[in-house]
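The values are calculated or read from the model by the stated rules, or taken from the named source; none is laboratory data. The structure presented is a predicted model; accordingly, all values stated were derived computationally and were not measured. When we count neighbours, we look across all protein chains shown, and the Cβ atoms used for this are built from the backbone with ideal geometry, even at glycine. What goes into the accessible areas is simple: the full protein's heavy atoms, side chains included, and nothing from ligands, DNA or RNA. Shrake-Rupley method; radii C 1.70, N 1.55, O 1.52, S 1.80 Å.
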Amino acid sequence: MATGRTHRPATRSRGIPEATVARLPLYLRALTGLSERSVPTVSSEELAAAAGVNSAKLRKDFSYLGSYGTRGVGYDVEYLVYQISRELGLTQDWPVVIVGIGNLGAALANYGGFASRGFRVAALIDADPAMAGKPVAGIPVQHSDDLERIIADNGVSIGVIATPAGAAQPVCDRLVAAGVTSILNFAPTVLTVPDGVDVRKVDLSIELQILAFHEQRKAGEEADAAAAAADAAATAAAAVAVVSAKGQGRSAGGSGSGSGSGSSGDGNGPDGDVPAVMPA
């Protein structure tokens with residue numbers, strides 16, 4: 001069985017941009033869903049919508065893979081699944097160790113999607129002696145004293161750190177020294193690694209804080225919109241009041257003018273033919 005110790009995907013040697021590599025799993029997830037529904041072909045527009053990108057970017061990404069759709073037909077779903085899986089290195093078995101079997105580590109161990117995506121949980125490791133031998137997701141937990149032996153025995157090159165923040169860097173150092181060259185870090189801290197070691201960080205608190213920022217901004221925009229609507233309503237009401245007041249003034253003025261006209265008609269007004277005051 002192939003392991004991850006001696007193989008690296010061809011993406012770097014072929015010059016595929018990191019941004020494209022980051023989108024390949026999105027395409028693969030969408031394509032896997034189409035494959036499960038026995039959809040034979042898919043257009044770039046449909047696949048782009050399913051993956052959450054625009055179709056021009058998708059076509060550009062696929063050009064790096066040497067994959068071009070057929071006009072009027074689209075892309076062959078099964079072939080694209082194979083092609084992207086191959087580029088991501090998922091056509092082989094990748095043994096993974098999870099270090100830190102607390103609530104998060106146990107949840108990761110119980111995640112059923114590893115096997116279907118080319119990964120195998122080779123070992124669960126924890127520093128607590130009381131955890132040693134306890135099965136989690138059907139795998140017995142092993143003590144961290146045996147970390148180096150476990151990595152060597154299983155040919156592990158990918159490690160998952162789910163420890164508290166204070167323990168993460170020492171665990172990282174031991175993983176790297178033992179030959180692990182890719183680390184997925186769930187600990188709320190930044191890890192320092194040498195060149196040649198890849199680290200991907202997953203920080204749930206940061207993601208929630210980003211969502212909180214957007215929620216606050218949306219709430220502010222809604223408040224601003226409500227205030228603007230209230231101002232507009234007040235302005236409109238004031239305008240109606242002014243127009244109404246002017247209308248009432250004109251009505252009163254018209255009544256007085258009518259009386260004056262009558263006097264003028266009697267010849268007593270200043271504009272009449274007969275002076276208002278006759279000479280003696």
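Sort the range 101-149 into rounded, prolate or oblate with this rule: let a ≥ b ≥ c be the square roots of the eigenvalues of the Cα gyration tensor; rounded if a/c is under 1.5, and if a/c is not under 1.5, prolate when a/b is larger than b/c, oblate otherwise.
Verdict is prolate for the range 101-149.
May I ask you to list the residues of the range 125-153 whose amide nitrogen lies under 14 Å from a point 7 Å from Cα along the Cα→beta-carbon direction of residue 110?
135-139
Give the long-range amide H neighbours of residue 199: residues separated by 5 or more places, or on another chain, with amide H under 5 Å away, using H modelled in the peptide plane at 1.01 Å from N.
183
On a 1.4 Å probe surface of the protein chains, which of 86, 29, 217 comes out largest in accessible area, and what is the full order?
29, 217, 86
Counting Lys +1, Arg +1, Asp -1, Glu -1, what net charge surrounds residue 184 among other residues with beta carbon under 12 Å of its beta carbon?
0
Over the range 47-183, what percent of the accessible surface lies on carbon and sulfur atoms, probe 1.4 Å?
Carbon plus sulfur share of accessible area: 56 percent.
At what distance in angstrom do the alpha carbon centres of the range 107-149 and the range 15-54 lie from each other?
31
Protein chains only, probe 1.4 Å: how do 78, 222 rank by accessible area, largest first?
222, 78
Please list, ordered by chain and number, the residues whose modelled amide H lies under 5 Å from the amide H of residue 90; skip anything fewer than 5 residues away on the same chain.
Residues meeting the amide H criterion: none.
For 207, 18, give me the order by solvent-accessible area with a 1.4 Å probe, most accessible first, ignoring ligands, DNA and RNA.
So the residues, ranked largest to smallest area, are 18, 207.
Can you list residues whose amide H is under 5 Å from residue 96's amide H, if they're 5+ apart or on another chain and H is modeled 1.01 Å from N?
Counting only residues 5 or more places away or on other chains, the set is 120, 121, 122, 123.
Quick one: if the Förster radius is 25 Å, what FRET efficiency do residue 93 and residue 204 give, using the C-beta to C-beta distance and rounding to 0.05?
FRET efficiency, residue 93 to residue 204: 0.35.
Work from the charge dipole of the range 12-93 (Cβ charges, +1 for Lys and Arg, -1 for Asp and Glu, about the Cα centre) and give the residue of 89, 48, 20 farthest towards its positive end.
20
Skip the ligands, DNA and RNA, and give the accessible area per residue of the range 62-201 with a 1.4 Å probe, whole Å².
48
Can you give the net charge of the other residues whose Cβ lies under 12 Å from the Cβ of residue 32, counting K and R as +1 and D and E as -1?
Cβ neighbours under 12 Å give a net charge of +1.
Can you compute the modelled spin-label distance between residue 55 and residue 117, with each label point 7 Å from Cα toward Cβ, in nm?
2.8
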